[in-house]
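Participant: Sharing a structure here in structure tokens format.
The values are calculated or read from the model by the stated rules, or taken from the named source; none is laboratory data. Everything numeric in this text was worked out from a predicted model, so none of it was measured. We place every Cβ from the backbone using ideal geometry, glycine too, and count neighbours over all the protein chains shown.
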Amino acid sequence: MQLFDASLAFALTMAALATVVTVIMEAGLRVARMRKKNFIEVMKLLNKEMEYSPLKMSEEDRWNFIKRVIDNPAEASLDKLRAELENLPLAGRLTYFGRDKAAGKNFLQRVGCFLLQIFGDRKRAGLFDRVSLEYMLRCLAESEAVKEASSRTISTVRAEFNRLARKYEEFSSSVSASFKQHAQQWSIAVGILLAFAANIDGFRIFENYRTDPELATAIIQKHEAFLEDNQSAQDSFEELNALYIQKRDIDKQIEQAKDKNDDTLARLKEQKREVEAEIEKQSDIAKIQEALQIAKQQVADLTTMGVPIGWEFYPNCPYSKSGTYEKWESAGSKCKNITQRKLEAKSIFIRVWFTAKNDPSGFAVWVMAVAFSGVLIGLGAPFWFDIAKRLAQVRKGLQNLDASAEFRFSARDANGDPKMRREIVDTVLADAQETAKGGTTTGENGKPEPQLGPKAIRL
């Protein structure tokens, strides 16, 4: 039972440390606008599929379609960049918004490109980072080429919509998989940096839990607190999305209030300024600083509880005039094995150097152990919390199949279901035909409503 408790406590510790990496990674991805760039990559792949489509869309038709898909109408940011885009071909326009700017450059240049984005990204500010399948198809149905084709033969258009819907899902999945793979590599790199910065030796931590049942129990009892820390990190990320939605709603109210009294318009503009200021606060360098502060606090909480993390442990052995026999004996088994104890070292860096020189094999093992611990931390908080939940269930004699269930909220995405994909395509095409006749479409409540443009919940 003690070995099982030690395993559970270790998983919770890794989860708490991995939360730090998750926060830092999310802040970095947000600053780099990676999700928006990945969405542009999806549209680039879809554009290539449409070049020889039976819909016979011209390059300008395809750009207008892509523009409707990626641009937030409340921002209309692409209209502000018209002068910069008008002389570029379609492929060049997509590259302008994509992630090719740093491609092929050396590491320092790529870091420089990343740091520049901390201070804002005007050209991508009003772009979506993802839209639902239904929204994409409704934007396509508004294209003149599609309207013309649907008036001739709806069967051809339906077949092409089904094909493009399938391709959109395939491209989204492939870009997402590639993004996750690269993000995982960066996460592991950040985990290794954190492990060396805080001297996190997973083997030492596990051994402490195995030999100290009270410490393992204390960590297990703090299970809920660790979960709350993880949830707080996730909530902070969702907060920014809520601010963008709030800003979009205010923009709509401002548009509607243009003909009303000045007080209403002034109040809405003031609200918009406040929301924009909060968005800027959430997106700028302060977010990185906050993430680093969270990292420091997480490590401090664990060390306060007695978890052997930090530079009070090997390889920082007590080389100094005050390095008494008692200090060496209490410094841990690895330091006790060192015979050269009379060396004078005032700096931690010199003490670590002495350890590496006097105990090369032990130091090499420590380096590998810390690096491996960093890899484990880099696996991410969701992975370790899932492991911890499963271990806790077994510990309590319970089996809950929903422990790691994922829930995806979307507005009419097929999620790989051919039947759902056909249903979405049929609905969109039926609405498109009604619109072409000047009719109505089916609303979300089942009642007819005027077709005013793409209607789908955006993610």
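Participant: Being among the β-branched types (Val, Ile, Thr), closer than 15 Å to Arg204 by Cα and in contact (Cβ under 8 Å) with a residue 24 or more places away in the chain narrows it down to one residue among Val352, Val365, Val370; which is it? Write out each step before concluding.
Facilitator: Numbers: Val352 fails: closer than 15 Å to Arg204 by Cα; Val365 fails: in contact (Cβ under 8 Å) with a residue 24 or more places away in the chain.
Within the list Val352, Val365, Val370, the selection yields Val370.
Participant: Anything in the range 51-62 that is part of a helix (DSSP H, G or I) and within 16 Å of Leu164 (Cα to Cα)? List them, or say none.
Facilitator: Looking only at the range 51-62, we keep the residues that are part of a helix (DSSP H, G or I), and these are 59-62.
Within the range 51-62, Asp61, Arg62 qualify.
Residues are listed down the side, and each one gets a yes or a no for (1) surrounded by 15 or more Cβ atoms within 10 Å (Cβ to Cβ); (2) within 20 Å of Ile219 (Cβ to Cβ):
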residue	(1), (2)
Thr355	yes, no
Asn358	yes, no
Trp366	yes, no
Ser373	yes, yes
Pro382	yes, yes
Arg390	yes, yes
Lys396	no, yes
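Participant: Continuing with the same structure: What's the number of the only condition in (1) assigned to a helix (DSSP H, G or I); (2) modelled with pLDDT under 80; (3) touching a helix residue (DSSP H, G or I) at 6+ places or on another chain (Cβ under 8 Å) that Leu12 fails to meet?
Facilitator: Unmet for Leu12, out of (1) assigned to a helix (DSSP H, G or I); (2) modelled with pLDDT under 80; (3) touching a helix residue (DSSP H, G or I) at 6+ places or on another chain (Cβ under 8 Å): (2).
Participant: Here is a further query. So Arg35 passes all but one of these: (1) more than 27 Å from Ala195 (Cβ to Cβ); (2) over 29 Å from the mean Cα position of the chain (by Cα); (3) in contact (Cβ under 8 Å) with a residue 60 or more places away in the chain. Which condition number does it fail?
Facilitator: All conditions are met except number (2).
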